[in-house]
Amino acid sequence: MGIPIVVNLSWFLTLALVTIGLALTYPGAFEATSPYRNDKLVHWSMGGVSGLVFFASILLHELAHSVVALKQGIPVKNITLFVFGGVSQISGEARRPLHEFVMAIVGPLTSLALAGLFFAAWWLTGFSNANPIAIVLQWLFFMNLVLAAFNMAPGFPMDGGRVLRALLWGVSGNSMSATRIATLAGRGLGYGLMVLGGLALVGTLRAYVGAWGGIWFIVLGMYLENSAKQSWFQAKAIDILGRHFAEDVMHQELETAHKDERLHYLASRGGPRYLFFISDDDERVVGVLTQQEVEAVPEMERGTTTAGDVMRPTGQFPVALLREDATSMLQRMEQESVWHMPVVSEGRVIGVVSKEDLLRLLARGFFPEARQAPPLPR
């Protein structure tokens, strides 16, 4: 579906811990008369298969979020498997509360559906405690049930927090206040997990959670609290940028260059970040050149390579319309890995918006004192 799947190195640590933990605990799940009770090869195989299938379940959970996002026209950068499971890197926000609700709820519903499938398969084995497959199916049923329930915790950016935000947004009509409440709930959930982890470490919850579980709770709580805080800053940034349009922030001074000009000359004239509109002999704009194309050419070859050799044709370069908001432009700049975006009106380029311009807007929104700061070099 065009969604990259990224495996972070930390994921292998979690897979190893899950495999080892299950391999050591599975023997106790067998009934005393089972021939597999003391078969270590079977136990380790069960642990490895259980871990891999569970992470495949997490991947399906995240794919459900991503597919719904794509159906709504929201780009998905990737899905990353990491130490805490998986996360969809969705490069945009839902436009309506209902869209947000559906995108959030579909993940836990997928986990519930998988739990139902594993339960049905477990039932077909007769709930046997002598069969390795039945024991693995029982664990997968339980873990998918836990995954669905945990993700429905009402704290942003958990799925339950997104559902809460969608409901508050739908009732109040104010997405920012809904996001603020949901992210505060997420930070509260993170602090709560850290407190539980601390109590487990000092032995207060010894009957329920061990020391290792306490450490896991603390780390998970820190991750959730930080994610909720970052989500609020992201929401605030989107709100700040959403108030401005391309026509408000564009510069009408357009840097031009001839297609036969050498790269070393353009690079020295361009400054730290630059964009040139490349013209032909008839003074028609035929391409765009940025530092990205220049830096791809070895420095010793820039004296003989021309702008026309490496420029991007105008039809391949992302452009903005006058009334496109700054949030959309910044997101597209990130997706396309560009620092500038020409602004087009009635088929003509009338200005340029740079990423520095948009970051300066954010700085002024977050830090009012930045209004007095000198402009960034171009």
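The values are calculated or read from the model by the stated rules, or taken from the named source; none is laboratory data. Please read these numbers as outputs of a predicted model, since none were measured by experiment. Here Cβ is always computed from backbone atoms with ideal geometry, including for glycine, and neighbour counts include all displayed protein chains.
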Exercise. Any residue in the range 31-45 that's touching a residue at least 24 places away in the same chain (Cβ under 8 Å) and in a helix (DSSP H, G or I): show its pairings with residues that are surrounded by fewer than 17 Cβ atoms within 10 Å (Cβ to Cβ) and of a type in the set (Val, Ile, Thr) at Cβ separation under 9 Å, as long as the two are six or more apart or on different chains.
Key: TRP44/ILE20
Quiz item: From the set of residues in the range 281-294 that are among the acidic types (Asp, Glu) and loosely packed, with under 14 Cβ neighbours inside 10 Å, which is modelled with the highest pLDDT?
Solution: ASP281
Exercise. Run LEU254 past the list (1) at pLDDT 90 or above; (2) outside the structural domain of LEU184 (by TED's automatic domain parsing) and report the number of the one that doesn't hold.
Key: (1)
Self-check item: Subset of the range 286-341 [among the hydrophobic types (A, V, I, L, M, F, W, C), assigned to a helix (DSSP H, G or I) and in contact (Cβ under 8 Å) with a residue 40 or more places away in the chain]
Solution: ALA307, VAL310, ALA326, MET329, LEU330
Self-check item: Subset of the range 139-152 (residues that are free of Cβ contacts under 8 Å to residues at least 60 places away in the same chain and buried (at least 18 other Cβ atoms within 10 Å of the Cβ))
Solution: PHE141, ALA148, MET152
Practice problem: Take ASN144 and decide whether it is outside any helix (DSSP H, G or I), farther than 22 Å from ARG187 by Cα and not β-branched (Val, Ile, Thr). | Solution: no
Exercise. State whether the residues of the range 22-37 include one that is in the same structural domain as SER111 (by TED's automatic domain parsing), within 25 Å of ASP159 (Cβ to Cβ) and of a type outside the set (Ser, Thr, Tyr).
Key: no
Quiz item: Based on what the data block shows, is GLY28 in a helix (DSSP H, G or I), more than 18 Å from ASN129 (Cα to Cα), free of Cβ contacts under 8 Å to residues at least 60 places away in the same chain and of a type outside the set (Ser, Thr, Tyr)?
Solution: no
Practice problem: Would you be able to say whether some residue in the range 107-118 is without any contact (Cβ under 8 Å) to a residue 60 or more places away in the chain and more than 19 Å from ASP159 (Cβ to Cβ)? | Solution: yes
Practice problem: Name the residue, out of GLY303, GLY315, that is exposed (fewer than 13 other Cβ atoms within 10 Å of the Cβ), over 25 Å from LYS236 (Cβ atoms) and in contact with a His (Cβ under 6 Å, 6 or more places away or on another chain). | Solution: GLY303
Quiz item: Is the range 65-80 home to any residue that is within 18 Å of the chain's Cα centre (by Cα), over 23 Å from MET329 (Cα atoms), outside any helix (DSSP H, G or I) and assigned by TED's automatic domain parsing to the domain that holds ASN144?
Solution: yes
Quiz prompt | All positions within the range 222-262 that are surrounded by 17 or more Cβ atoms within 10 Å (Cβ to Cβ), among the β-branched types (Val, Ile, Thr) and in contact with a Phe, Trp or Tyr (Cβ under 9 Å, 6 or more places away or on another chain) | solution = ILE240
Quiz prompt | Output for the range 263-280, where each listed residue is more than 16 Å from VAL338 (Cβ to Cβ), in contact with a strand residue (DSSP E or B) (Cβ under 8 Å, 6 or more places away or on another chain) and either exposed (fewer than 15 other Cβ atoms within 10 Å of the Cβ) or at pLDDT below 80 (or both) | solution = ASP280
Quiz item: Checking MET176 against (1) buried (at least 19 other Cβ atoms within 10 Å of the Cβ); (2) in contact (Cβ under 8 Å) with a residue 40 or more places away in the chain, which test does it fail?
Solution: (1)
Quiz item: Just checking, how many residues over the range 87-106 are without any contact (Cβ under 8 Å) to a residue 60 or more places away in the chain, surrounded by 17 or more Cβ atoms within 10 Å (Cβ to Cβ) and within 10 Å of the chain's Cα centre (by Cα)?
Solution: 3
Practice problem: Could you list all residues from the range 119-133 that are touching a residue at least 12 places away in the same chain (Cβ under 8 Å) and among the hydrophobic types (A, V, I, L, M, F, W, C)? | Solution: PHE119, ALA121, TRP122, ALA130
